[in-house]
Structure formats: structure tokens, C-alpha cells
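*Asks:* The structure follows.
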Amino acid sequence: MSVQQTLVLIKPDGLAKSLTGNILTELSGTGLIVVGAKIVQVTRELAEEHYQHLREEKFFDELIRYIMGEFHVKRILALVYHGENAIASVREVVGATNPEQAHPSSIRGKFGRITTKGVFENVVHASENQKEAEREIKLWFRPHELIQAIYAVESKKVTKTESFWKDESKKK
Ligand code: ADP
């Protein structure tokens, strides 16, 4: 066993069905800690990159529309869980990909469904293995967005424009 990090996405159906609390409660049973969290509006580019391994599947287009929120809400909650054996521990609580085959006590078994178009709306994503976890965490998060990093980080000097809250106390 080793200390790992894994990406969890609460998908648009999970948010639309107000399941965030239930899902976080189920995941807290793993004893892992959350080291990063943010709400994301998923672009087509991000969706296609995330699911690049499924590009040839006949359900790919529907899957991209699903993760972009076209059938529910246009946001997902992205989380990084950290701890011993994090990848398998989270996958176990999440359950099998097909919600009808997922154990009834797993998140997908409890809350997932198969749409009339045949897409598995299974409310959460969880990284499958170490290689995918690293690829996905680096795709969804920047190092400064995690309070603890397990992958190598390097610094680069950049010039950029950032947004700040406008100081309106100087009005009048
Ligand atoms: P997992 O999400 O369990 O890692 P995959 O990476 O294979 O599984 O699939 C990504 C997502 O695509 C699934 O979570 C599900 O929403 C959808 N999906 C996978 N396989 C199918 C399928 N055979 N039919 C419909 N949708 C599927």
C-alpha cells in the first residue's frame, strides 16, 4: 500500500439531485482527506480530454454532453482525496461503472441510473488506477490548488493579469 491521490468528480446529475452531502458522507467513511476542491464549468475541450480513452465508443457524444451538464446543471464538483490506498478505497465506495451492476450500498448503486439513450448516469467519477489518477489530477487541478502535492512541482516565472475584488471604499 502507498499514499495516493485520486480524483473524484460529483457529476452534473449528482449536483442536480442534491446528492453532494450524501456523496461526501459516503466518502468520509474511507478516512481519506480532501486536499483540493472546486466547482468547474466543464468545457468540451476538458470533457474530451478527460474521457479521451472512450473516444471510439458509440456513447461518447452523449457522455460529453452529460459531463458538460447539458442534461442537468452546467457544473461539477471536483475533489482530490489523499491517503493510503486512496484509489481503490474510493472506487470501492463509488461502485461499478454500470449502476445496475453496482453494489446496492455503493454510491452508484444507490443513486445511479441508465438513461433511455443508454448513458450510465452514475453521479460520480473516481480515478481507476495510479496512471489515470496522475493524468486526471494534473488535468483538473494546478499545484497551488492542492494543499498537499504528491507529484513533482516546478516553478516558472510568468507575467499575467489577475482579477481582484474592486476596492469600492474609495468611491464618492
Ligand atoms: P468509470 O467511470 O467507472 O471509470 P469508464 O471510464 O469506462 O468508467 O467510463 C466513463 C463513464 O462513461 C462512466 O462513468 C459512465 O458515465 C459512462 N459509460 C461507461 N461505459 C458506458 C456504457 N457501456 N454505456 C453507457 N455509458 C457508459
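The values are calculated or read from the model by the stated rules, or taken from the named source; none is laboratory data. Predicted, not measured: the structure shown is a model, and the values here were computed from it. Please note: Cβ atoms are built from the backbone with ideal geometry, for glycine as well, and neighbour counts cover all protein chains shown.
*Asks:* Could you tell me which residue of the range 80-100 is nearest to the ligand (Cβ to nearest atom), considering only residues that are in a loop (DSSP other than H, G, I, E, B) and surrounded by fewer than 20 Cβ atoms within 10 Å (Cβ to Cβ)?
*Replies:* Selected residue: Thr97.
*Asks:* Given (1) without any contact (Cβ under 8 Å) to a residue 24 or more places away in the chain; (2) assigned to a strand (DSSP E or B), where does His103 come up short, assuming only one miss?
*Replies:* Evaluating His103 over (1) without any contact (Cβ under 8 Å) to a residue 24 or more places away in the chain; (2) assigned to a strand (DSSP E or B) leaves (2) as the failure.
*Asks:* Only one of (1) modelled with pLDDT of 95 or more; (2) more than 19 Å from Gln5 (Cα to Cα) fails for Gly95. Which number is that?
*Replies:* Single failed check for Gly95: (2).
*Asks:* Filter the range 141-172 down to the residues that are without any contact (Cβ under 8 Å) to a residue 40 or more places away in the chain and not in a loop (DSSP other than H, G, I, E, B) and list them by number.
*Replies:* Those that are without any contact (Cβ under 8 Å) to a residue 40 or more places away in the chain and not in a loop (DSSP other than H, G, I, E, B): Pro143, His144.
*Asks:* Okay, next question. When residues of the range 135-160 are filtered for being within 15 Å of the ligand (Cβ to nearest atom) and farther than 16 Å from Val40 by Cβ, how many remain?
*Replies:* The number of residues fulfilling the criteria is 1.
*Asks:* Looking only at residues that are part of a helix (DSSP H, G or I) and of a type in the set (Gly, Ala, Ser) in the range 1-28, which one is nearest to Val124 (Cα to Cα)?
*Replies:* Checked the range 1-28; the qualifying residue nearest to Val124 (Cα to Cα) is Gly14.
*Asks:* For residues in the range 21-79 being more than 16 Å from the ligand (Cβ to nearest atom) and without any contact (Cβ under 8 Å) to a residue 12 or more places away in the chain, which is nearest to Arg135 (Cα to Cα)?
*Replies:* The extreme case among them is Glu45.
*Asks:* Within the range 109-123, how many residues are surrounded by 14 or more Cβ atoms within 10 Å (Cβ to Cβ), near the ligand (Cβ under 8 Å from one of its atoms) and not in a loop (DSSP other than H, G, I, E, B)?
*Replies:* Residues flagged as surrounded by 14 or more Cβ atoms within 10 Å (Cβ to Cβ), near the ligand (Cβ under 8 Å from one of its atoms) and not in a loop (DSSP other than H, G, I, E, B) within the range 109-123 amount to 2.
*Asks:* Quick one: in the range 29-78, which of the residues that are basic (Lys, Arg), touching a helix residue (DSSP H, G or I) at 6+ places or on another chain (Cβ under 8 Å) and part of a loop (DSSP other than H, G, I, E, B) is surrounded by the most Cβ atoms within 10 Å (Cβ to Cβ)?
*Replies:* Within the range 29-78, the subset basic (Lys, Arg) is 38, 44, 55, 58, 65, 74-75.
So of that shortlist, the ones also touching a helix residue (DSSP H, G or I) at 6+ places or on another chain (Cβ under 8 Å) come out as 38, 44, 55, 74-75.
The next check asks that each one be part of a loop (DSSP other than H, G, I, E, B); those that pass are 55, 74-75.
Numbers: Arg55: 9, Lys74: 12, Arg75: 17.
Checked the range 29-78; the qualifying residue surrounded by the most Cβ atoms within 10 Å (Cβ to Cβ) is Arg75.
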